[in-house]
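K.L.:
Below are the structure tokens for one structure; questions will follow.
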Amino acid sequence: MDFSVALFSPEAANDPYPLFARMQREAPVQRLERYGWWAVSRHADVSMIMKRHDLFSSETGLERMRPPHLDDQAWEALEILRGRSMINADPPTHTRLRKLISAAFTPRAMMKLEGRLRRITSRLVDDIVARDGFDVVADLATPLPVTVIAEMLGIDPARGADFKRWSDDLVELSRLTREQRMTPEQTQRLVASRGELVDYLQAMIAVRREQPQGDLLSDLTRAEGEDRALTAEEVLGTAVLLLIAGNETTTNLIATGTHLLLDHPEALAALRAEPALIPNFLEEVLRHEGPVAMLFRRTTTPVTLSGVNIGKDELVLALVAAANRDPAQFPDPDRFDIRRDTRGHLGFGHGVHFCVGAPLSRLEGRLGFTELLGRAPPFSRVEAPAWGDNTSLRGLRRLPVRFAR
């Protein structure tokens with residue numbers, strides 16, 4: 001069976017796991033004829049794809065796919081605004097780009113940041129507990145990481161709503177471009193949104209070139225000007241990546257984690273009684289319902305996965321969320337267990353592309369849940385979870401809850 005349509009259907013966006021389980025059983029490596037891609041769902045294969053960058057390149061070319069309905073002038077403008085980052089690069093380029101920002105996310109850097117992050121979290125929870133209820137997405141999961149990454153970059157956190165909108169629109173643009181099903185209205189809006197973000201960042205970069213400060217954006221412009229380690233395109237691309245990756249993953253981690261606790265009151269009670277379980281709870285959220293559902297690679301040579309031969313220069317869709325529920329790796333994989341041994345989960349990636357911001361996301365998640373569960377009264381959901389329709393990055397659009405006082 002060709003799962004091309006089912007994989008990107010509204011049903012799969014709402015709950016992809018029955019489909020993933022079927023794919024693992026019936027066709028763990030199969031060609032999606034509608035797109036000409038290969039879909040891979042077993043943990044051993046997905047892990048290999050992520051680890052073997054020599055066989056599976058991150059330079060897929062997908063970011064160069066032209067959106068439908070885009071005229072030549074708009075396409076040329078979009079190409080200029082694109083930027084380049086380590087997410088679509090292989091070593092040694094990837095190594096060079098990653099090295100320039102990795103110091104900002106070391107354990108030592110997180111220790112220095114923790115006090116400021118705790119104050120931001122406490123202020124958000126102050127506002128939350130003063131009301132009768134709140135939206136987990138809008139009131140905690142979004143403003144916490146957006147504020148932190150904005151401050152780290154040295155840009156105005158007051159523009160948080162714009163940053164979130166720009167980030168969501170960029171993710172949507174990439175999804176609809178590769179699936180080739182945008183309307184003219186969507187194309188126009190999403191390309192305009194990308195232009196707004198790039199204009200803003202380029203203005204900030206210009207300021208930092210003249211007046212460097214102690215922030216990540218200044219570090220990037222310094223690497224471009226003094227060290228010649230970055231091109232102007234790479235400065236822009238890395239700034240865009242940091243802004244998006246700095247909020248999308250953690251937003252979905254916190255919102256989805258809260259949703260799972262509401263679905264599993266025994267886990268919620270356990271975390272309230274024993275906050276030391278929160279770090280392992282976060283790892284189980286990443287495994288059970290992680291933000292990154294799938295990613296692309298391009299083969300550099302003919303390869304064989306689960307007995308299926310794939311040629312050179314083929315696009316491979318690694319189904320990360322499916323791999324994280326592979327029964328061969330995780331017994332009883334559909335069970336949510338905050339005490340589970342989660343070693344081997346791929347929620348933050350694997351290999352050279354393991355998420356450089358993982359320490360920050362874990363810290364934000366730990367402090368967010370420590371503050372919320374430690375200070376907020378019991379709460380319950382107001383409505384059924386509203387999942388976004390993006391099948392690549394899985395997250396909730398909203399999660400309103402009400403306090404029981």
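K.L.:
Report the equivalent ellipsoid semi-axes for segment 245-285 in whole Å, largest first, defined as the square roots of five times the eigenvalues of the gyration tensor built from alpha carbon atoms.
P.N.:
20, 12, 7
K.L.:
In addition: How much of the calculated P(r) for segment 232-378 lies past 18 Å, in percent of all Cα pairs?
P.N.:
62 percent
K.L.:
Normalise the Cα radius of gyration of segment 110-191 by 2.2 N^0.38 Å (N = residues in it) and let me know the number.
P.N.:
After normalising by residue count via 2.2 N^0.38 Å, the value is 1.39.
K.L.:
Just subtract the alpha-carbon distance of Ala269 and Arg165 from 0.36 nm times their residue separation and send over the number in nm, one decimal.
P.N.:
So the extension gain works out to 34.0 nm.
K.L.:
With the other protein chains left in place, how much accessible area per residue, in square angstrom, belongs to the chain at a 1.4 angstrom probe?
P.N.:
42 Å²
K.L.:
While we're on this one: Accessible area of the chain with a 1.4 Å probe: how many percent of it is carbon plus sulfur?
P.N.:
The computed percentage sits at 52.
K.L.:
Across bins of 10 angstrom width beginning at 0, how are the C-alpha pair distances of segment 155-261 distributed, in whole percent?
P.N.:
Spelled out bin by bin, segment 155-261 gives 13, 38, 31, 15, 2 percent.
K.L.:
Here are some values of Cα extents along the principal axes in Å: [x] 142, 46, 37; [y] 54, 54, 45; [z] 58, 58, 42. Which one was computed from this structure?
P.N.:
[z]
The values are calculated or read from the model by the stated rules, or taken from the named source; none is laboratory data. It should be emphasised that the depicted structure is a prediction, and the values quoted were computed from it without experimental measurement. Side chains are part of the model used for accessible areas, which takes the heavy atoms of the whole protein and leaves out ligands, DNA and RNA. Shrake-Rupley method; radii C 1.70, N 1.55, O 1.52, S 1.80 Å.
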